[in-house]
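Q: Quick one: this structure, given as structure tokens, is what I'll be asking you about.
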Amino acid sequence: MCTKTIDIILKNLNDNALLLDAQLTNQEWTTFQSSLDSLNQNIGKNFEIFNTINAIEKKLKKLITSINIESNGKHRSLTALQNLTLILTELKKELEDNYNLFSLLNSAKNSLVDLKKQLGLTDEKSILAYRGESQDFGETKLLPSMYRDKMEITDEINFFDLLKDYSIIDGQQNNLTQKAIAAQHYIQTSRFLDITFNMLVAIYFATNPNNKDGYFYIFCFPKYFSPSSNYIENYYQDMITDGGEYLILKNNFKVITQSFYNDRMKMQNGGFIFFPSEAITPIPNCFYKKIIIPSNIKKKIRKELEIYFSIFESSLFPEKEKRKDVITSYLKRSKHNSASNNEITEELEYYFSNLKLQLNFMKKNNVQTLKILRILRKNEKDLIYSINLFYDKHIDKETTREEIDKWEVEKSNTINDITVNLNNLKKKFILPLEEN
């Protein structure tokens, strides 16, 4: 790629924008201009600039549509705006010459550094994970197949029975975690979202050739759970049977580390994100970043994965006749450990730990105080509702007065602990912002 050519194209782009500035007062134009600043800042950052150009193109199309409607297609700037789109196309074409696997890996490294910095996590406390999606799945991105298939918990129970009837689940897979892993492996349907702890594997899936831009997701989490954990199994069992022994919070997703239940998962360094409760909610964006891989370089990246790392279909899917070596590097992790033996306390500890990271991310990104306050209020409302629901399940016609009093005291103490935690978060994240 010729740096001089890039500089000429950028100058042409900025000159055209400068000429149009005197002709346009549209709000969309102001937004577009601010995007040009990001473009100039990211010009040497390989894949980051492609994301920026995509955003600029969307804003430019929106601007052209807006002006076209307002002027009935007669505004003198329309031709010049169309010219800007051609310049952006030319810029993308020049930049793509420099796109390769190693520039992608470098961009991933930069994203990880930014994520850890935003979350305030050290290398030792960071759980790094990845996922590749072959296209933009919109509202269903990074969500498990159960959500996309609109399955309910009752469907999930029947689903496991059917898997056993058709010998997809064998007699040795008795616990729910193993059943869900088998369902995800063979049917691609469960409340588990596939992730990998090897970024090369994620890049392979993101570059699946389909004439659409691929999406490479990079995660950084503070804790993980073992797939053999009794806590996860009991938690899952309680959730699916509505047992009421565990506090199930809808947005308290859990990262499950590498699982070697089958050869494919070993090869792919696979793990999962477990989405509890029936009302599945998306992963907060403070825990991940995305890199867009242009569709026309997917084939090039795939080829480089084969040449430099022996990553190809037969190395990730051992069911194929030919098998070759695959990259199997292992990451140091910070395993989830709780000092408490109380499941409610443990769940709330984990919940507030993630909420604190999310608020810290928002504070660093100068999110408005009112928005942070709204999030805290919503969390408080959801938590108290969940606590009331949890304790009410333990009271029925056969419950003695003594037992009712005991549950009421425990519920009151739990709600009080939640209030204290939330007030502490308000003091840390709301008051300093208001003082500034």
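The values are calculated or read from the model by the stated rules, or taken from the named source; none is laboratory data. Keep in mind the model is a prediction, meaning the values are calculated, not measured. Ideal geometry is used to build each Cβ from the backbone, glycine not excepted, and the neighbour counts take in all protein chains shown.
Q: Any idea which of (1) within 16 Å of Ser277 (Cβ to Cβ); (2) touching a Lys or Arg at 6+ places or on another chain (Cβ under 9 Å) is the one Ile157 doesn't satisfy?
A: Among (1) within 16 Å of Ser277 (Cβ to Cβ); (2) touching a Lys or Arg at 6+ places or on another chain (Cβ under 9 Å), the lone unmet condition for Ile157 is (2).
The rows are residues; the columns are (1) in contact with a Pro (Cβ under 6 Å, 6 or more places away or on another chain); (2) closer than 21 Å to Ile283 by Cα; (3) modelled with pLDDT under 90.
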{"site": "Asn360", "(1), (2), (3)": "no, yes, yes"}
{"site": "Ile372", "(1), (2), (3)": "no, yes, yes"}
{"site": "Lys378", "(1), (2), (3)": "no, yes, no"}
{"site": "Leu389", "(1), (2), (3)": "no, no, yes"}
{"site": "Asp405", "(1), (2), (3)": "no, no, yes"}
{"site": "Ile418", "(1), (2), (3)": "no, no, no"}
{"site": "Lys427", "(1), (2), (3)": "no, no, yes"}
{"site": "Leu433", "(1), (2), (3)": "no, no, yes"}
{"site": "Asn436", "(1), (2), (3)": "no, no, yes"}
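Q: Can you name the residue in region 243-275 that is out of contact with any Ser or Thr (no Cβ under 9 Å at 6 or more places or on another chain) and at pLDDT 85 or above and is also farthest from Glu313 (Cα to Cα) among such residues?
A: Across region 243-275, the extreme among qualifying residues is Lys254.
Q: If you don't mind, another one. Please go through region 361-408 and pick out each residue that is surrounded by 10 or more Cβ atoms within 10 Å (Cβ to Cβ), over 21 Å from Asn423 (Cα atoms) and not hydroxyl-bearing (Ser, Thr, Tyr).
A: Hits for region 361-408 are Leu389, Phe390, Asp392, Lys393, His394, Ile395, Glu403, Ile404, Asp405, Lys406, Trp407, Glu408.
Q: Among the residues of region 225-241, what is the count of those that are at pLDDT below 85, part of a helix (DSSP H, G or I) and in contact with a helix residue (DSSP H, G or I) (Cβ under 7 Å, 6 or more places away or on another chain)?
A: 1
Q: Please enumerate the residues belonging to region 107-131 that are outside any helix (DSSP H, G or I), surrounded by fewer than 19 Cβ atoms within 10 Å (Cβ to Cβ) and of a type in the set (Val, Ile, Thr).
A: Result: Thr122, single match.
Q: Still on this structure, please answer the following. Considering only region 360-396, state which residues are out of contact with any helix residue (DSSP H, G or I) (no Cβ under 8 Å at 6 or more places or on another chain) and outside any helix (DSSP H, G or I).
A: Asn366, Val367, Gln368, Lys393, Asp396
Q: Continuing with the same structure: Would you be able to say whether some residue in region 68-75 is among the charged types (D, E, K, R), outside the structural domain of Phe197 (by TED's automatic domain parsing), assigned to a loop (DSSP other than H, G, I, E, B) and more than 30 Å from Ala279 (Cα to Cα)?
A: For region 68-75, residues among the charged types (D, E, K, R), outside the structural domain of Phe197 (by TED's automatic domain parsing), assigned to a loop (DSSP other than H, G, I, E, B) and more than 30 Å from Ala279 (Cα to Cα): present.
Q: Look at Thr196 and say whether it is within 18 Å of the chain's Cα centre (by Cα), surrounded by fewer than 16 Cβ atoms within 10 Å (Cβ to Cβ) and farther than 22 Å from Asn234 by Cβ.
A: no
Q: Hey, can you tell me all the residues within region 121-145 that are of a type in the set (Gly, Ala, Ser) and touching a residue at least 24 places away in the same chain (Cβ under 8 Å)?
A: So in region 121-145, the residues of a type in the set (Gly, Ala, Ser) come out as 126, 129, 132, 134, 138, 145.
Within region 121-145, Ser126, Ala129, Gly132, Ser134, Ser145 qualify.
Q: With the requirement that a residue be within 24 Å of Leu119 (Cα to Cα) and assigned to a strand (DSSP E or B), what does region 203-224 give you?
A: Tyr215, Phe216, Tyr217, Ile218, Phe219, Cys220, Phe221, Tyr224
Q: Now a separate question. When you scan region 134-143, do you find a residue that is touching a Lys or Arg at 6+ places or on another chain (Cβ under 9 Å), within 22 Å of Ile311 (Cβ to Cβ), outside the structural domain of Lys364 (by TED's automatic domain parsing) and part of a loop (DSSP other than H, G, I, E, B), even just one?
A: Yes, region 134-143 has at least one match.
Q: Please give the number of the condition Leu91 fails out of (1) surrounded by fewer than 20 Cβ atoms within 10 Å (Cβ to Cβ); (2) among the hydrophobic types (A, V, I, L, M, F, W, C); (3) not assigned by TED's automatic domain parsing to the domain that holds Glu278.
A: Unmet condition: (1).
Q: Please verify whether region 144-161 includes one or more residues that are closer than 21 Å to Thr257 by Cα and assigned to a helix (DSSP H, G or I).
A: Filtering region 144-161 for residues closer than 21 Å to Thr257 by Cα gives 144-146.
With the extra rule that they be assigned to a helix (DSSP H, G or I), the set shrinks to 145-146.
There is at least one residue in region 144-161 that is closer than 21 Å to Thr257 by Cα and assigned to a helix (DSSP H, G or I).
Q: How many residues does region 296-310 contain that are surrounded by fewer than 20 Cβ atoms within 10 Å (Cβ to Cβ) and in contact with a strand residue (DSSP E or B) (Cβ under 7 Å, 6 or more places away or on another chain)?
A: 0
Q: Okay, next question. Any residue in region 403-414 that is on the phi > 0 side of the Ramachandran plot and part of a helix (DSSP H, G or I) sitting within a Cβ distance under 7 Å of a residue that is polar (S, T, N, Q) and surrounded by fewer than 12 Cβ atoms within 10 Å (Cβ to Cβ)? List the pairs, counting only those 6 or more apart or interchain.
A: Listed by first residue and then by second, the contacts come to nothing, as the list is empty.
Q: Scan region 162-196 for residues that are part of a loop (DSSP other than H, G, I, E, B) and out of contact with any helix residue (DSSP H, G or I) (no Cβ under 9 Å at 6 or more places or on another chain) and jot them down.
A: Passing the criteria: Tyr166, Ser167, Asn174.
Q: Only residues in region 377-401 that are more than 15 Å from Asn252 (Cβ to Cβ) count as the first member; pair them with residues that are basic (Lys, Arg), Cβ under 8 angstrom, at least 6 apart or cross-chain, and list the lot.
A: If the second residue must be basic (Lys, Arg), the pairs left are Asn388/Lys411; Tyr391/Lys411.
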